[in-house]
Amino acid sequence: MFRSLRSQLSLSILALLLVMIVLMSLFANLFINREFEYYVQRQEEARSEAIVSDLTSQYNGMTRSWDADFLHTIGMYSLYGGYILKVYNADGDILWDAENHDMTLCGQIMDEITYRMEKAKKAGSFQSHAYDIAQGQTKVGSVAISYYAPFFFNENDHQFIDALNTVFIVIGAVAGVLAVVLGGLLARRIARPVAKTAEAAKQVARGEYGIRVASETNTRELNDLITSINHLAGALGEQENLRKRLTTDVAHELRTPLTAVTLYLEAMIEGLWEVTPERLKGCHEELTRLGNLVADIQQLANVEGDNLQLHKAAVDLLDIAEAVGGNLSAQAKGKGQTLTVTGEHAVVDADRERMRQVLINLVSNAIKYTPQGGHIRIETELSDGYGIVCVKDDGIGIAEAELPLIFARFYRTDQSRDRRTGGTGIGLTIAKSIVIAHGGTINVESKPGEGSCFSVSIPKGGSSTTEDLLTKSIFSQIGQTGKFEDIAKQGFDIRACSHNNDIDNHS
């Protein structure tokens, strides 16, 4: 059976406060009792010295005699205080003895003190302490003072201790009540936003992605939790919208070619249209479009699932950029665009085909969204252990609000434009998945009307150096031709490849 967070917090806070109160009360009680015992011991010593002083004043040095009445008074007063006196003169004769004077009273007082100290669990016994009585340098007598040692409490002391314990009990009870109240309030303050967040999480789990939790706490961790739930709901809402758009887009993209092919075939079957190569070519184009859509979706499933396998080797990003630029140059020229490849050799540990796929996606997008006569540049470089390739264009650009979304699956900034250009909205998602699988990053900078720059960074890893890769390429070609002269005739200079890394390929 699960208990609520509020009840658990209340019990935990209450238990903690009660333990603290008990410990503080215990330590305070022990400390005060110990100090009080030291105080009583000092008082017993001071009282014994005061008795000796009083007895000294009862001796008349002129007559060399004692005042017996005052000796009796001092003895009885001390006896009631728990001090049993036996006074001697200078010759050792007894002047006054409490036990001889009233044995019954002495026994009664000793029994009361012993019982009181045993009840207080203070071990001890009556002990006798001898003191000299002197006037000036002359000893005129002595006194034996017996009292309960190491200390004893009189009736007033016991009342004080009892009152102190009562005060501690009352303070503990009041503090306990306050702990219950404050613990409940504190637990409620902590549990309320957590409970609201939990309820919001349940609503999100039910598909209510529009729910948002208002922050009602100054606690950083709770505020972070609320913010995370709100962000999660927002992200899931965006994904749900993308999923709905995907359903709409895929349904439209599948329906359009299927409808066209169906109408074409029905018309030709029923004899309304003559079967001509042009009409068959139209059916073929629609079916090809349908096949490309299915292939794109399958490709996305491969790169985002556990099926993506990278065959890494030492590859030069500049070589890949030149190959992609060469393959897409005709497409760029068809729109009157210029496609250039520049930069330095950047050898990284990567899957050549996958990196080629990334660049094809980026360059194809640049060609699509760059107007007639625009410029597209592919640049490579090495920086801080990363191979970097950038695809820049001066096309239509991307709105700032859409930049965080362009790598999301099936996100398209303009549905009508993408349908017209044949986009499905998953090219950048595929590219990002491949880059992340390499341990790299892909970023974009763009301004509407000015163009975009996509930057891909791939760690070098344990790949060979640029010179090693170029040397392998040279000897590979020598092995294929069998003649070094054939390589030289092609203008392949080893030293130039090693020291002049800038290549400008105008497609």
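The values are calculated or read from the model by the stated rules, or taken from the named source; none is laboratory data. This is a predicted model, so every value here is computed, not measured. Glycine gets a Cβ as well: all are built from the backbone with ideal geometry, and neighbour counts include every protein chain shown. In case anyone asks, the SASA skips ligands and DNA or RNA and just uses the protein heavy atoms, side chains included. Shrake-Rupley method; radii C 1.70, N 1.55, O 1.52, S 1.80 Å.
Can you compute the charge dipole magnitude of the range 214-324 about its Cα centre, using +1 on each Lys and Arg Cβ and -1 on each Asp and Glu Cβ, nothing else charged? Give it in debye, rounded to the nearest 20.
Working: 9 positive and 19 negative charges, 43 e Å.
Dipole about the Cα centre, nearest 20: 200 debye.
Please give the direction-averaged projected area of the C-alpha convex hull for the range 83-166, in square nanometres with one decimal.
Values: hull surface 27.7 nm².
The number I arrive at for the range 83-166 is 6.9 nm².
Which residues in the range 41-59 place their backbone N less than 19 Å from a point set 7 Å from the Cα of Asp132 along the Cα-to-Cβ direction?
48-59
Rounded, prolate or oblate: pick one for the range 273-331, where a ≥ b ≥ c are the square roots of the eigenvalues of its C-alpha gyration tensor, a/c under 1.5 means rounded, and failing that, prolate if a/b is larger than b/c, else oblate.
On the way: a/c = 5.07, a/b = 1.69, b/c = 3.01.
It comes out oblate by the Cα gyration axes.
Using heavy-atom solvent-accessible surface (probe 1.4 Å) with all chains present, what is the largest-first order of Arg212, Arg64, Arg116? Before the final figure, lay out each step's value.
On the way: Arg212 125, Arg64 190, Arg116 45 Å².
Reading off the accessible areas and sorting them downward yields Arg64, Arg212, Arg116.
Using a 1.4 Å probe and ignoring any ligands, DNA or RNA, find the accessible area of Ile169 and quote it in Å² to the nearest 10.
Its heavy atoms expose roughly 120 Å² to the probe.
Take Lys447, Lys432 and sort them by solvent-accessible surface of the protein heavy atoms, 1.4 Å probe, largest at the top. The partial results should precede the final answer.
Numbers: Lys447 120, Lys432 75 Å².
If we order Lys447, Lys432 from most to least accessible, we get Lys447, Lys432.
Where does the charge balance sit around Gln337 when Lys and Arg score +1, Asp and Glu -1, over other residues with C-beta under 14 Å from its C-beta?
Overall, the nearby charge balance is +3.
Please work out the average accessible area per residue across the range 303-366, using the 1.4 Å probe convention, and give it in Å². Mind showing how you got there, number by number?
On the way: 2520 Å² over 64 residues.
I get 39 Å² per residue for the range 303-366.
Where in the range 216-251 are there GluC sites (Glu not before Pro) that are in a DSSP coil and have at most 16 other Cβ atoms within 10 angstrom of their Cβ?
Values: sites: Glu216, Glu221, Glu238, Glu240; in loops: Glu216.
When the GluC sites (Glu not before Pro) of the range 216-251 are filtered for loop state and at most 16 Cβ neighbours within 10 Å, Glu216 remain.
How about the range 255-334: which GluC sites (Glu not before Pro) there are in a DSSP loop, with at most 10 other Cβ atoms within 10 Å of their Cβ? Mind showing how you got there, number by number?
Values: sites: Glu266, Glu270, Glu274, Glu278, Glu285, Glu286, Glu304, Glu322; in loops: Glu270, Glu274.
Answer by residue number: Glu270, Glu274.
Assuming a viscosity of 1.002 mPa s and a temperature of 20 °C, what translational diffusion coefficient in µm² per second does Stokes-Einstein assign to the range 324-402, Rh being the Kirkwood radius over Cα pairs? Mind showing how you got there, number by number?
Working: Rh = 13.4 Å.
Value of D from the Cα-based Kirkwood radius: 160 µm²/s.
Under a cut-off of 21 Å between alpha-carbon atoms, report the lysines in cross-link reach of Lys447, not counting same-chain residues fewer than 8 places apart.
Here the lysines satisfying the reach criterion relative to Lys447 are Lys368, Lys392, Lys432.
Return an integer: the convex hull volume of the alpha-carbon atoms of the range 1-126, in Å³ per residue.
Numbers: hull volume 17.1 nm³, N = 126.
Here the figure is 136 Å³ per residue.
Tell me, what is the 1.4 Å probe accessible area of Asp393, in Å² to the nearest 10?
Using a 1.4 Å probe on the heavy atoms, I get roughly 20 Å².
Which three extents, in whole angstrom, do the alpha-carbon atoms of the range 241-302 cover along their principal axes, largest first?
Computed over the Cα atoms, the extents are 43, 21, 13 Å.
Report Rg (one decimal) and Dmax (nearest whole number) for the range 144-259, counting Cα atoms only, units Å.
Every Cα atom of the range 144-259 included, Rg and Dmax give 33.2, 127 Å.
Suppose we take every Cα in the range 1-75 and form the convex hull; what volume per residue is that in Å³? Show your work: numbers first, answer last.
On the way: hull volume 7.3 nm³, N = 75.
Dividing the Cα hull volume of the range 1-75 by its residues yields 97 Å³.
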